[in-house]
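Enquirer: For reference, the structure I am asking about is given below.
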């Protein structure tokens, strides 16, 4: 996706001898790469792109399932997966205590447009909110809202749930000052949300 924004210099904020403004690119929410072009009436001297993380998913509901499985107290988190990557872990489910039983999940949240899968993460026995959550399975669609019969042994759980959004890769212009037009490349490295571009430009005479 390519975005071009052209406007007269807005009412700026003053920083030392320069003025700056913030531009919100909400269209980058589901973007998987492209360019951002900013045009200003006055010369642009610097710019900073700031990613804004997408909120994590809501919590699923955990319940006791059929016999033969896990023993202990467990909780769950969900992440959304799209073409750009994976969100951080969402809200924590309720605690469920089982005695050689499986665990069922319901109300697994659906992701926004562009979501291709949801990853399920679980604590090890005895873990509560604040404990580490580890990969249990992937639901490879954005329609299923239940998971039946989790009996995955603690030792078989996978990687920890992501808790930090990856920074996007930004390709900046080589020459500086930029003049009146700034074009930069944008490649997300995780499921980031909208981005703000801070643009510093020469003040009015």
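Enquirer: Over the Cα atoms of the range 61-156, Rg to Rh with Kirkwood Rh, two decimal places?
Expert: Radius of gyration over Kirkwood radius for the range 61-156 works out to 0.96.
Enquirer: Next question, about the same structure. If packing is taken as the average number of other Cβ atoms within 10 Å across a peptide's residues, how do 150-159, 70-79 rank, most packed first?
Expert: Result, highest mean Cβ count within 10 Å first: 70-79, 150-159.
Enquirer: Now, a different point. Using 0.36 nm per residue of separation minus the Cα-Cα distance, give me the extension gain between residue 163 and residue 61 in nm, one decimal.
Expert: 34.6 nm
Enquirer: Which value in nm describes the separation of the simple spin-label points at residue 125 and residue 141, placed 7 Å from the Cα toward the beta carbon?
Expert: Inter-label distance under the simple model: 3.4 nm.
Enquirer: FRET efficiency for residue 153 and residue 83, Cβ-Cβ distance as r, R0 = 45 Å, nearest 0.05?
Expert: Calculated value: 0.90.
A short reminder: the numbers here are calculations on the coordinates, not readings from a lab. Note that the structure is predicted; figures quoted are calculated from it, not measured. Please note: Cβ atoms are built from the backbone with ideal geometry, for glycine as well, and neighbour counts cover all protein chains shown.
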